[in-house]
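Only one structure is covered here, and it is reproduced in the block below.
The values are calculated or read from the model by the stated rules, or taken from the named source; none is laboratory data. This is a predicted model, so every value here is computed, not measured. Reconstructed Cβ throughout: ideal geometry from the backbone, glycine too, with neighbour counts over all protein chains shown.
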């Protein structure tokens, strides 16, 4: 097995607990002494740094939300003097005040190492060519995988997003072997490569895909079209970016880099900590960052945690692929709907993963439409055959969701492609 930092990735549970407890106690003292916002939250809960001696004391700390980060914008949660911070990253697509995360140089070094672990787990070595077409700039995807690739010592193509023609040219000419991007863009690249007849010109062996939800069906579709093994990676700007957790070859969950991040699962309604194996909201605590360490940050991602032994030899706890989010869950006619459910149905029925969910409210009633692109073969069918496919898809969606959407099959390539995060949901309701 290949590891980037074997001593940590394969540490015994006892060794890891000792590391985590020491780092947690040090981080709590650090933020209490240097961040007035944290001090007020902890004082309100009656918690002092002396109360946090081990990971078992973690539930004593208050939960943190994105609203806290917005309230403290821009410098309210900065835990070091400004001259020690060397970079910021920021979330994309937020409303109101943006979330800004700060990094010292050691923070960036740790982040790079976490991403290097993910690349090595996907089979990456110094001999690889890593093609990074996540966005750069304020978005964490590009900088994170770029830094991880440098740590591994691989040749790095810092492509960023956009300009698909150039992406494919460099992929072919420079013999890229590992692709890093969003899964929706990987699907678009695959579609374009096949259309151009360049499938036999690419040398990709692995893909590291994250930043948006994707299903196992979508994974298999990308793998088949690009001839690679697709690995999931998880992260969020508030914690550090990609590399918080990553898949190994077993692909039964993502290993959390728990020497740097503590993970809990809580009941999203009560905040109660749930036992291993129960589905709940992932909560992360940074225990090695200096500039912007977050304590018990609510991610809104729904997952399951597991310590079942892994064939890869890593002892790091695993989190499942996010099963949806508590804050992007759609409630339509009183029914909870996740886009990942719709995507799974589409791919199981042979449709490409290019779709949009459109919701509106007319006369106090929710209208729910799923627009789905047809493949060129489907598009050549008769009107009668297309109507039959719509009916079949409607039946499958109703079975999965419990409610019936309007299903509209559209012409190939009629839904706008995205080179960043795919726009899957258009919610026109005033609610």
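Which one is surrounded by the fewest Cβ atoms within 10 Å (Cβ to Cβ) among residues in the stretch 9-25 that are closer than 30 Å to residue 48 by Cβ and touching a residue at least 40 places away in the same chain (Cβ under 8 Å)? Among those residues, the one meeting the criterion is 13. All conditions but one from (1) part of a loop (DSSP other than H, G, I, E, B); (2) modelled with pLDDT of 95 or more; (3) under 21 Å from the mean Cα position of the chain (by Cα) apply to residue 313; the one that does not is (3).
Just one of the numbered conditions (1) at pLDDT 90 or above; (2) farther than 19 Å from residue 182 by Cβ is not true of residue 373; which one? Looking at each condition in turn, residue 373 falls short on (2).
Each residue in the stretch 1-32 was checked for being farther than 30 Å from residue 309 by Cβ and touching a helix residue (DSSP H, G or I) at 6+ places or on another chain (Cβ under 8 Å), and 4 of them qualify. Condition check: closer than 14 Å to residue 260 by Cβ, in contact (Cβ under 8 Å) with a residue 12 or more places away in the chain and either surrounded by fewer than 20 Cβ atoms within 10 Å (Cβ to Cβ) or under 17 Å from the mean Cα position of the chain (by Cα) (or both). Does residue 123 satisfy that? It is false that residue 123 is closer than 14 Å to residue 260 by Cβ, in contact (Cβ under 8 Å) with a residue 12 or more places away in the chain and either surrounded by fewer than 20 Cβ atoms within 10 Å (Cβ to Cβ) or under 17 Å from the mean Cα position of the chain (by Cα) (or both). Where strands (runs of 3 or more DSSP E) sit wholly within the stretch 83-147, those with at least 1 residues that are under 28 Å from residue 170 (Cα atoms) and at pLDDT 95 or above occupy 87-90, 129-132.
Inspect all residues belonging to the stretch 195-202 and state whether any of them is in the same structural domain as residue 104 (by TED's automatic domain parsing) and within 24 Å of the chain's Cα centre (by Cα). Step through it out loud before you land on a result.
So the first thing to find is which residues in the stretch 195-202 are in the same structural domain as residue 104 (by TED's automatic domain parsing), and the list is 195-202.
Then keep just the ones that are within 24 Å of the chain's Cα centre (by Cα); that gives none.
No, every residue in the stretch 195-202 fails to be in the same structural domain as residue 104 (by TED's automatic domain parsing) and within 24 Å of the chain's Cα centre (by Cα).
Only one of the numbered conditions (1) over 23 Å from the mean Cα position of the chain (by Cα); (2) closer than 21 Å to residue 283 by Cβ; (3) touching a residue at least 12 places away in the same chain (Cβ under 8 Å) is not met by residue 51, and that is (3). In the stretch 250-259, the condition of being touching a helix residue (DSSP H, G or I) at 6+ places or on another chain (Cβ under 6 Å), modelled with pLDDT of 95 or more and not in a strand (DSSP E or B) is met by at least one residue.
For the stretch 208-220, what are the residues that are crowded, with 24+ Cβ neighbours inside 10 Å, in contact with a helix residue (DSSP H, G or I) (Cβ under 7 Å, 6 or more places away or on another chain) and touching a residue at least 40 places away in the same chain (Cβ under 8 Å)? If you could, list the steps in order and put the result at the bottom.
First, pick out the residues of the stretch 208-220 that are crowded, with 24+ Cβ neighbours inside 10 Å: 208-211, 214.
Within this subset, residues satisfying the condition of being in contact with a helix residue (DSSP H, G or I) (Cβ under 7 Å, 6 or more places away or on another chain) are 208-209, 211, 214.
Residues satisfying the conditions are 208, 211, 214.
Which residues, counting only those in the stretch 237-252, are in contact (Cβ under 8 Å) with a residue 40 or more places away in the chain and surrounded by fewer than 22 Cβ atoms within 10 Å (Cβ to Cβ)? It would help to see each step written out before you state the result.
If we filter the stretch 237-252 for residues that are in contact (Cβ under 8 Å) with a residue 40 or more places away in the chain, which is where we start, we get 237-250, 252.
Listed by number, the residues that qualify are 249, 250, 252.
Summed over the stretch 286-298, residues that are in a strand (DSSP E or B) and either without any contact (Cβ under 8 Å) to a residue 40 or more places away in the chain or surrounded by fewer than 24 Cβ atoms within 10 Å (Cβ to Cβ) (or both) total 2.
Taking residue 43, is it over 30 Å from residue 255 (Cβ atoms) and in a helix (DSSP H, G or I)? Yes. Counting only helices (runs of 4 or more DSSP H) that sit completely within the stretch 318-431, those holding 2 or more residues that are closer than 30 Å to residue 67 by Cβ and touching a residue at least 40 places away in the same chain (Cβ under 8 Å) correspond to 339-348. Looking only at the stretch 153-182, residues that are surrounded by fewer than 24 Cβ atoms within 10 Å (Cβ to Cβ) and not in a loop (DSSP other than H, G, I, E, B) come to 12 in all. Within the stretch 38-47, count every residue that is within 21 Å of residue 290 (Cβ to Cβ) and surrounded by fewer than 16 Cβ atoms within 10 Å (Cβ to Cβ). Residues meeting the conditions: 2.
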